[in-house]
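Since every read-out is calculated from the coordinates, none of them should be taken as a lab result. Given the structure is predicted, the values throughout are model-derived calculations rather than measurements. Cβ placement follows ideal geometry from the backbone for every residue including glycine, while neighbour counts extend to all protein chains displayed.
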Amino acid sequence: MTKLCGEIRDSVSGEKVPARVQILSPSGELVHSRESIKKIGPGEPFFYSNGYFEVDVTNGYHQILIEKGTEYEPWKETIEVDSSSIEKIDVNLNKWNLVSNEGWHPGNTHLHYDEKEESPDERLLLDPRIEDLRMTAISILKRWDLEYASNKYSPGFLSEFSDLNHHVECGEESRHNTDSYSIGYGHVMLLNIKNVIDPVSTGILVDKFEPDYPPLTYVCDQAKSQNGLVIWCHNGQGMEAPVAGILGKLDAINLFDPFWTDVEYTIWYHMLNCGLKIPASTGSDWFLSSANRIYAFTGGKFNYEGWIKSLKDGNCFISNGPSLFLEINNQTMGNEIDISFQKDKSVEAKITWASYYNIDQVELIFNGNVIEKFSIQDKQKNGIIEKKVYLPNDGWIAARIKSKTRDSFFQPIWAHTSPLYISTGKDKFSEKIISAKYFIKKIDESLEWVEKRGKFYSDKQRKEILNLHREAKNLYKKIV
């Protein structure tokens, strides 16, 4: 056997950097040491390296692929191993995306390790550095008596896993299901908290006798009392999502978490159409099983407080690789633009994008409708699109990227900005009414479930849930 040794360095600083490594033997199998931590999730197999790796290999051709986050170019090489005792390679990774130099920093707001994970500390130390994340939130959660590995951490800042460039914290995912694997009231991520918010789960996720109480809206209030950040999970799924949304409980919504769900914007778009100002966020859910990340703006080097403020303000975009920025009349994402005084209700839109992988289309979205499409040439890596667009009524505007190309997680390349909000003086429009009716119907279905199938310890508990949904329904009826 020959020892294959490698060092991975940043091509500019020369410093050793952690990365994920794939070494395929002549027979196509992943070569790795027994003690190495392996990537979990779909796509290409990798093992984790802290910047140095050493594996035993046989003679023949070996294909090597090394990746670090999404801002570095993948490094790929095929080498022939002979009968020498040691084979050495030096890997220099080049950064293709320099958005961090401009004050944009990536984070993952949704991460857990399951009960099968044997080395959570080692994984959590490497995950943010291999994926090049400035903010990583691992969270506790409850399903029966399963001993999830990530439940060992206490809510708050995790100093032993953090440094100047990597903030790691523990949050909580509070959940309610109608059965073992069907979302009920919903799942909500609680970040920047200091204490566990009880209950972590309700209903069937605890046991078959546990009541469907309290509502997640109460949990959101408890998180806010700790100055916490409240993010609704899983594309806005759950009976209580439209309730929490219109009652002003949400700071953001997580899209495309986990990887086995589609890139899906329907519920979020309906919320925005109803006038709810909710930025986009994202994460990977179980392990770092996708390249999903949210970029928020700090104006300079990463700092946690500035990053969280930018997320709440909506000056952010979500992506699994591309960078995507939208300006309207020179104002950035999250801002409100008043053009009610203009006779011509037009705005100047500027979309700036960059992607290592090929993308097919950049789209401009107004109130959920594609109002402009821009086809992108094959192998074009970046661009600036400027367009004057007419906006006939109030609403929101955002940009998104679509692509058939897939990354090493086998996920299609995508990105979406958080919106800007437009005021024209005409606040009634068809999309708003359609979306309000959509939620009224959903709430009616939820009321029926609570009345006929919900499990409670008292009539008072049931009445509280019903009244909460009726309060939200009345607010949507006012829109109609």
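Could you please report the charge total around H187, scoring K, R as +1 and D, E as -1 over all other residues with beta-carbon less than 12 angstrom from its beta-carbon?
On the way: positive: K142, R143, R175; negative: E172, E173, E240, D257, D285.
Overall, the nearby charge balance is -2.
In this model, which of K3/K39; K345/K442; K68/K373; K249/K428; K312/K473; K343/K381 are farther than 29 Å apart at the alpha-carbon?
Working: K3/K39 22 Å; K345/K442 34 Å; K68/K373 31 Å; K249/K428 24 Å; K312/K473 25 Å; K343/K381 38 Å.
Cα-Cα > 29 Å for K345/K442; K68/K373; K343/K381; rest within.
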From the phi of every residue in segment 155-167, what ³J(HN,Hα) in whole Hz does the Karplus formula 6.51 cos²θ - 1.76 cosθ + 1.60 yield, where θ is phi - 60° and glycine or proline is x?
x, x, 6, 9, 5, 5, 10, 10, 8, 4, 9, 9, 9
The distance between the Cα centres of segment 377-440 and segment 247-326, in whole Å, is 14 Å
Charge dipole (the chain, unit charges on Cβ, about Cα centre) - positive-most of L158, G238, I37
G238
Candidate aspartates and glutamates for bridging to K455, where Cα separation is under 15 Å - those fewer than 8 sequence places away on the same chain excluded:
D179, D207, E210, D212, E464
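Mind checking which helices in the chain clear 24 Å along their axis (Cα) and have mean Kyte-Doolittle hydropathy of -0.5 or more, DSSP H runs only?
Working: long enough: 430-452 (33 Å, -0.48); 459-479 (30 Å, -1.51).
Qualifying helices: 430-452.
With +1 on each Lys and Arg Cβ and -1 on each Asp and Glu Cβ, and nothing else charged, work out how big the dipole of the chain is about its Cα centre, in Debye to the nearest 20. Can you show the working numbers first?
Numbers: 56 positive and 68 negative charges, 390 e Å.
Around 1880 debye, computed over the chain.
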Out of residues 5 or more away from L205 or on other chains, whose amide H comes under 5 Å of its own, with H placed 1.01 Å from N in the peptide plane?
N177
